[in-house]
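Worksheet for the structure shown next.
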Amino acid sequence: MIEIHEDKCIGCEKCLKTCPVDALKMKEGVAKVDEGLCISCSACIPACPVDAIEPILKASKAASADYSGVWVFAEQHDDRCRPTGPELLGKGRELADELGEELCAVLLGSDVGKLSDELIAYGAEKVYVVDDKILENYTTEAYTTALVTLISKYKPSVFIFGATHLGRDLAPSVAGRMGLGLTADCTGLSITEVEDVKVLLQTRPAFGGNVMADIVCPNTRPQMATVRPHVMQPLEPDPERDGEVIQEHVKISPESIKTEILEIMEHEDSGEISVEEADVVVTGGRGAGGEEGFKMLRELAKALGGTVGCSRPIVEEGMMSKSHQVGQSGKTISPELYIVCGVSGAVQHRVGVRGSKYIIAINKDPKAPIFDMADFGIVGDASKMIPMLIEKVKEKTC
Ligand SMILES: Cc1cc2nc3c(=O)[nH]c(=O)nc-3n(C[C@H](O)[C@H](O)[C@H](O)COP(=O)(O)OP(=O)(O)OC[C@H]3O[C@@H](n4cnc5c(N)ncnc54)[C@H](O)[C@@H]3O)c2cc1C
Ligand code: SF4
Ligand code: SF4
């Protein structure tokens, strides 16, 4: 909700154009808000030249019975769904079944409706689409207004986002505008009961990864969370699955958008597969033998058709770029095969690689914690073990 300070209002009417639901009207020369219509989107606030509009941010004790549906934000780019949409739909299916509610995806952009079928194949029963030129390139304000409007209309009980660059910006913006709770960077989501009401249990590492915190938002709806890419598994897509596509129009005023996109620069493709996408990741830590050791790790990764990752100290020492770092403050990965050399296996590292199918650890210390999670462990000096592995792999592949 907002409050308009009548003593400050100069009657310029600029705010009227920004309201997506026409909740603002002029009366006796000052702007008035219709509280029955206002959806608390805050789009009018920056439009006021004299700061006459202020948000009233108070978390409402939403009646949980009025809210239903598990929503997933389906991020898209270049005419393709980003992997987080299908991944979150996989987990969303489980949550929706347990709550007895429907699973929906939300798709925003320009000319994106064609991606709905893919989201239905991955488990969405409904796809809400807002197709508008103003949403072609991401801006916090336009995307937030679109989502706040949809939430106010349909009242979902749960809304999850990928913890991507975009999701980490958008989810807090929506939560902030609506006065909701938000748990960032969850590694687990499930359903529990608080006072006989089914709620979303959001699990994430806390205190530097030393404890796993279970968080609930019993008083506000929707319950909102972001989840790191590759933590959840998508369902097998079924093109025969039925679903409904709901086209929505949301009024988004260009005046409410504070950012102007001057140029879009594509990230330069180094030709390397990213650690998040690779089926095989060969990671080195402080015990991998420095520059020489990493040369060998690259050779092993190449022989296996994979890519090289590293622990955090390797980035801090400037040996590799942050995009290769695996773990809590780096990338979360789920390759088919994870080979990890000279890494102790601190909890902050392990939390990022738990989704790996097979883990082979090489460490000279038989008590290194990395062995606790490894499927196969080799106790020995990495500088001797890696050349032997390279030789064996080359023998098999030549
Ligand atoms: C908030 C926070 C976030 C963090 N995020 C991350 C993260 O995202 N990713 C991450 O990796 N870390 C992260 N860390 C750091 C983490 O706690 C550890 O310090 C780090 O993972 C240790 O890196 P390491 O295993 O390479 O080095 P070390 O702990 O120094 O371990 C080196 C290992 O190599 C072995 N070794 C030594 N010589 C050899 C040899 N010749 N052959 C074989 N083995 C050998 C040793 O036995 C040892 O086990 C984070 C820490 C904090 C506080
Ligand atoms: S712009 Fe948003 S916050 Fe402002 S009156 Fe309209 S609905 Fe309410
Ligand atoms: S933009 Fe501000 S000053 Fe102008 S009418 Fe709206 S509240 Fe009044």
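The values are calculated or read from the model by the stated rules, or taken from the named source; none is laboratory data. Just so we're clear, the structure is a prediction, and the values are computed from it rather than from any experiment. Note that each Cβ is placed from the backbone with ideal geometry, even for glycine, and that neighbours are counted across all protein chains shown.
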task: Report, by residue number, each residue of segment 289-333 that is farther than 18 Å from residue 362 by Cβ, polar (S, T, N, Q) and outside any strand (DSSP E or B).
output: 321, 323, 328, 329, 332
message: Yes or no: segment 91-99 includes at least one residue that is buried (at least 23 other Cβ atoms within 10 Å of the Cβ), under 21 Å from residue 170 (Cα atoms) and not polar (S, T, N, Q).
response: yes
message: If I ask for residues that are of a type in the set (Lys, Arg) and over 30 Å from residue 328 (Cβ atoms), which ones from segment 219-263 would you list?
response: 241, 251, 258
query: Can you tell me which residue in segment 295-344 is farthest from residue 162 (Cα to Cα), limited to those that are surrounded by fewer than 20 Cβ atoms within 10 Å (Cβ to Cβ), hydrophobic (A, V, I, L, M, F, W, C) and within 13 Å of ligand 1 (Cβ to nearest atom)?
result: 319
query: Within segment 17-34, can you find the residues that are near ligand 2 (Cβ under 9 Å from one of its atoms) and not in a strand (DSSP E or B)?
result: 18, 19, 20, 21, 22, 23, 34
task: Of the numbered conditions (1) in contact (Cβ under 8 Å) with a residue 24 or more places away in the chain; (2) more than 16 Å from ligand 2 (Cβ to nearest atom), residue 175 fails exactly one; give the number of that condition.
output: (2)
message: Given the criteria touching a Cys at 6+ places or on another chain (Cβ under 7 Å) and either touching a residue at least 60 places away in the same chain (Cβ under 8 Å) or loosely packed, with under 14 Cβ neighbours inside 10 Å (or both), does residue 288 qualify?
response: yes
Single residue of 257, 252 found to be over 30 Å from residue 66 (Cα atoms), in contact with a Ser or Thr (Cβ under 9 Å, 6 or more places away or on another chain) and not basic (Lys, Arg): 257
- prompt: Can you name the number of the only condition in (1) among the β-branched types (Val, Ile, Thr); (2) more than 22 Å from residue 303 (Cβ to Cβ); (3) within 25 Å of the chain's Cα centre (by Cα) that residue 379 fails?
  reply: (3)
statement: Taking segment 355-376 and the residues there that are of a type in the set (D, E, K, R) and within 13 Å of ligand 1 (Cβ to nearest atom), the one that is nearest to the chain's Cα centre (by Cα) would be 372
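Residues that are in a loop (DSSP other than H, G, I, E, B), without any contact (Cβ under 8 Å) to a residue 40 or more places away in the chain and within 30 Å of residue 47 (Cβ to Cβ): does segment 251-262 have at least one?
Looking for residues that are in a loop (DSSP other than H, G, I, E, B), without any contact (Cβ under 8 Å) to a residue 40 or more places away in the chain and within 30 Å of residue 47 (Cβ to Cβ), one finds at least one in segment 251-262, hence yes.
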- line: Checked pairs for segment 4-33, first on the phi > 0 side of the Ramachandran plot, second loosely packed, with under 15 Cβ neighbours inside 10 Å and part of a strand (DSSP E or B), C-beta under 7 Å and 6 or more apart or across chains, list as 11/26; 13/26
query: Which one is farthest from residue 150 (Cα to Cα), of the residues in segment 36-49 that are surrounded by fewer than 19 Cβ atoms within 10 Å (Cβ to Cβ) and more than 9 Å from ligand 2 (Cβ to nearest atom)?
result: 49
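Applying the selection to segment 3-18, what residues are under 22 Å from residue 153 (Cα atoms) and either at pLDDT 90 or above or of a type in the set (Lys, Arg) (or both)?
Selection gives 3, 15, 16, 17.
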- request: Give the residue that is modelled with the lowest pLDDT, with candidates limited to residues of segment 239-282 that are buried (at least 16 other Cβ atoms within 10 Å of the Cβ) and polar (S, T, N, Q).
  value: 256
task: Being surrounded by fewer than 23 Cβ atoms within 10 Å (Cβ to Cβ) and either of a type in the set (S, T, N, Q) or in contact with a Leu (Cβ under 6 Å, 6 or more places away or on another chain) (or both) is the filter; apply it to segment 76-90 and report the residue that is nearest to residue 164 (Cα to Cα).
output: 76
query: Do we find a residue being of a type in the set (S, T, N, Q), more than 28 Å from residue 212 (Cβ to Cβ) and not assigned by TED's automatic domain parsing to the domain that holds residue 333 anywhere in segment 95-116?
result: yes
message: Among the residues that make up segment 372-383, is at least one of them in a loop (DSSP other than H, G, I, E, B), touching a strand residue (DSSP E or B) at 6+ places or on another chain (Cβ under 6 Å) and surrounded by 17 or more Cβ atoms within 10 Å (Cβ to Cβ)?
response: yes
- prompt: Failed condition for residue 43, given (1) in a loop (DSSP other than H, G, I, E, B); (2) within 16 Å of ligand 3 (Cβ to nearest atom); (3) over 24 Å from the mean Cα position of the chain (by Cα), with all others met?
  reply: (3)
